[in-house]
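Before any comments, here is the structure.
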Amino acid sequence: MAWQLHYTSARRGPTGRSGFQFVAETPGLPDGMRARVTPHLSYRPPPEAPLSPADDELDQFPVSLLYDRVDGRPLLLRCRYLGRDYSGRYGNFFAHAVVAEPDELEGVRPAELWHAALWTDAPEEGTELPEVDDLVPDEGLDPEALAAWLSDEPEDEYERLARIVDAVVNVLGRGHGRVVLVASDVEVIARWIAVVSYSLPVAAASALSFVTYSADPDGAPQRLVGTTPDVWASAQRTSPAFLLDRPVADGQEVGRFARTVATCWRDADFAGLDALAELALLGSSPDTVDPSVLDRAAGLLALCRGEHGVPEDEEAGAADLLTRHGTAIPDWVWGDLVQGVPSMGYELALAVHRWADAAGASEVAGQCAARALSQAPDLTSVVRLAGNGADADLVAAASGRARTGASDLPKAFVECPADQRAALLEGVLNGLEAADASTRRAVLTDAACDLLYDELYASAEPRGWFSPPDVVAAEVLASVGRRVPERRVAVTGRILGLGLSVAELDPVWSVVWEEPPDPVVCLELLAAFPDACAEHPALGVLPSRTFVKVAAGYGGLAEASTLRLAERVRTVLPGGAADADAAIVRAHADAVTAEKPAAAARALDALPRAGRLAARAFDSAAERLERRDPAFRAELLAAASPTARARLGVCWTGGPGARRRRGGDGERRDELVEVALRLRARGVREPALEEWVRGAASGFLAARHLESRFGSEPELRGALKALLDEARRG
């Protein structure tokens with residue numbers, strides 16, 4: 001039921017007093033209701049209205065219809081200017097208020113009651129008013145009539161509508177503020193309020209308090225406030241306002257909800273407004289309005305209607321709406337979404353697939369699964385979506401993701417069902433074959449290459465699914481070979497099986513054998529692929545690189561594995577650079593293992609003077625030969641060429657100006673002095689060596705020590721004396 005109240009200025013009211021007062025009401029009015037209605041009872045004419053209007057001018061004054069809520073009950077209040085009161089003074093007005101129970105307005109927008117039959121224009125006889133059993137709306141403001149009215153207006157009125165709705169929604173969302181509608185005809189304001197009310201979901205319309213006319217729009221507590229141009233001209237204008245009598249000016253963009261509402265009104269699409277309201281209920285609270293929820297609902301409706309080009313943010317909003325409220329989605333949504341599937345992005349297609357499948361909407365669920373599969377951002381997403389043995393779809397989707405650089409293959413492979421892993425790998429390899437080099441490298445991480453190697457090459461049972469493309473296989477094998485030394489020989493064999501030219505293969509070899517092998521592995525490689533080593537420069541140079549690596553440790557050149565490699569090189573790679581380096585290794589071995597000094601001298605003379613390996617080999621041999629007794633070394637120097645003799649002298653003495661210290665190095669000094677003296681005694685002179693001896697023995701104590709050492713060998717003592725005498729004379 002609903003209660004009525006009449007309020008005006010009377011000579012004598014129910015209490016016997018005069019002035020503005022409640023002059024009639026429905027019996028049983030809830031306690032305190034008059035006090036709560038009273039603040040809303042006011043009316044001030046517009047500034048340009050006649051100060052002393054005649055009776056026939058009163059209809060020109062704007063009628064104020066107010067809607068608000070008091071104590072949770074709807075309040076409808078209609079104020080009409082009456083001019084003079086009982087005393088003849090101007091300023092009197094009549095207010096007709098209706099206070100209803102909350103459910104009395106169910107299914108009715110308050111704005112529909114603008115011209116309802118329940119309203120009276122003046123107080124009636126008596127102080128008791130009947131209850132209002134039914135709030136019957138005005139048919140002149142039904143949606144069809146309003147749509148017809150809008151269609152007769154200029155086209156830009158729909159733009160105005162979108163902006164008004166957007167502003168109202170934002171005010172309702174904030175929970176404070178107001179939107180002002182300015183027009184000289186309050187009838188136009190009432191129609192716009194009705195259009196806005198029909199544009200909102202019922203709960204939002206119920207929360208939309210309004211007044212069709214206010215002389216104080218800046219202070220009105222309602223959310224949607226109507227006023228006249230003369231009032232607005234003197235207002236502070238702190239609220240957003242829409243001047244309904246003027247053309248629509250350029251303005252800012254509005255939200256998806258407001259745009260959708262305007263389109264529905266243009267097309268007289270009342271079913272669309274109803275669908276929009278139903279979707280908006282999914283994320284709304286009865287007491288609040290969330291603009292983002294309304295926009296998400298509008299985006300979802302656009303997709304249901306097959307609209308193309310829905311922006312990503314709106315798709316994301318629709319996906320969020322489905323994800324949050326999937327079980328509450330109306331059944332009609334799933335069927336309507338079928339037409340929007342071809343344009344859906346991944347997240348939305350995934351959300352629709354998930355919840356449509358749960359709702360039993362198999363058609364749209366299947367189509368969305370395929371759509372999401374084709375757009376999955378990475379391989380893990382692909383395998384999560386693939387199912388029901390749809391290997392062809394999985395191959396195509398995996399190919400697309402690999403071609404665009406998805407690098408999560410190891411993770412995707414783990415999550416992929418065992419019976420679909422072959423399809424996953426086939427798709428990835430196909431995509432990588434079509435990708436550019438930089439994308440291929442991004443996808444083929446070390447972990448991905450290890451996985452592919454294990455699946456394609458290292459399994460005990462050969463995989464018969466497919467042969468990887470050569471360009472992809474080369475990348476995988478190169479990565480594994482570079483990082484796993486024990487697999488390099490096997491990897492080399494796999495690479496040889498690819499259909500690549502020598503020019504294409506050599507860069508791959510350079511990666512695999514970036515680090516030179518040790519002699520054992522190099523010997524294994526030569527034994528396994530002798531022809532390839534002879535044909536491919538990147539392989540043929542490996543023995544030389546191995547020799548240089550070994551030479552860095554000096555003594556390793558004489559190891560059995562190094563010598564076996566040198567012998568194998570002579571057989572497999574004769575006449576080339578590797579063979580020449582192998583000869584150096586053999587000469588080094590001959591020098592350090594010779595039993596006779598002359599043989600060692602010949603081996604040293606066989607070493608080239610230039611080249612890193614040759615220099616290392618000579619230094620290594622010199623170090624090893626320095627361990628021989630002085631007599632052997634003296635004979636070696638005597639038998640060696642002058643060049644070799646000089647190089648040995650530098651190696652043993654440490655170079656020009658070097659001196660052997662006493663202590664731990666004293667014995668080596670004494671032995672080298674003995675070598676020089678024996679060589680001199682044989683009539684062979686080595687100036688640099690003798691110069692070093694003169695420096696080492698020039699001190700008094702050093703000379704006495706050496707004379708004592710050679711006391712039992714007159715020949716050496718005489719050579720020492722002669723050498724020291726030369727030093728004193730010189």
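The values are calculated or read from the model by the stated rules, or taken from the named source; none is laboratory data. Everything numeric in this text was worked out from a predicted model, so none of it was measured. All Cβ positions, glycine included, derive from the backbone under ideal geometry; neighbour counts span all protein chains shown.
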query: Taking region 71-83 on its own, how many of its residues are in a strand (DSSP E or B) and farther than 15 Å from Gln60 by Cα?
result: 6
field: Identity of the residue in region 92-131, without any contact (Cβ under 8 Å) to a residue 60 or more places away in the chain and among the acidic types (Asp, Glu), that ends up surrounded by the fewest Cβ atoms within 10 Å (Cβ to Cβ)
entry: Glu125
All positions within region 10-25 that are of a type in the set (Gly, Ala, Ser) and either on the phi > 0 side of the Ramachandran plot or at pLDDT 90 or above (or both): Ala10, Gly16, Ser18, Gly19, Ala24
query: When only residues in region 494-548 that are over 41 Å from the mean Cα position of the chain (by Cα) and among the hydroxyl-bearing types (Ser, Thr, Tyr) count, which is surrounded by the most Cβ atoms within 10 Å (Cβ to Cβ)?
result: Thr546
query: Which of the residues belonging to region 132-161 are loosely packed, with under 12 Cβ neighbours inside 10 Å, within 50 Å of the chain's Cα centre (by Cα) and over 22 Å from Ala249 (Cα atoms)?
result: Glu144, Ala148
query: Out of all the residues in region 549-560, which are assigned to a helix (DSSP H, G or I) and either among the basic types (Lys, Arg) or buried (at least 16 other Cβ atoms within 10 Å of the Cβ) (or both)?
result: Lys549, Val550, Ala551, Gly556, Leu557, Ala558
- prompt: Is region 393-416 home to any residue that is more than 17 Å from Leu451 (Cβ to Cβ) and at pLDDT below 85?
  reply: yes
- request: Could you please find all residues in region 26-41 being in a loop (DSSP other than H, G, I, E, B) and either touching a Leu at 6+ places or on another chain (Cβ under 9 Å) or at pLDDT 95 or above (or both)?
  value: Thr26, Pro27, Leu29, Leu41
task: Taking only region 223-265 into account, find how many residues are of a type outside the set (A, V, I, L, M), under 30 Å from Leu301 (Cα atoms) and in contact with a strand residue (DSSP E or B) (Cβ under 8 Å, 6 or more places away or on another chain).
output: 3
- prompt: What number of residues in region 96-121 are on the phi < 0 side of the Ramachandran plot and either assigned to a loop (DSSP other than H, G, I, E, B) or in contact with a Gly (Cβ under 8 Å, 6 or more places away or on another chain) (or both)?
  reply: 13
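For (1) under 26 Å from Ala527 (Cα atoms); (2) free of Cβ contacts under 8 Å to residues at least 60 places away in the same chain; (3) not aliphatic (A, V, I, L, M), each residue gets a yes or a no:
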| position | (1), (2), (3) |
| --- | --- |
| Val428 | no, yes, no |
| Glu433 | no, yes, yes |
| Leu451 | no, yes, no |
| Val489 | yes, yes, no |
| Arg494 | yes, yes, yes |
Residue check, Asp579 in a helix (DSSP H, G or I) and without any contact (Cβ under 8 Å) to a residue 12 or more places away in the chain: yes
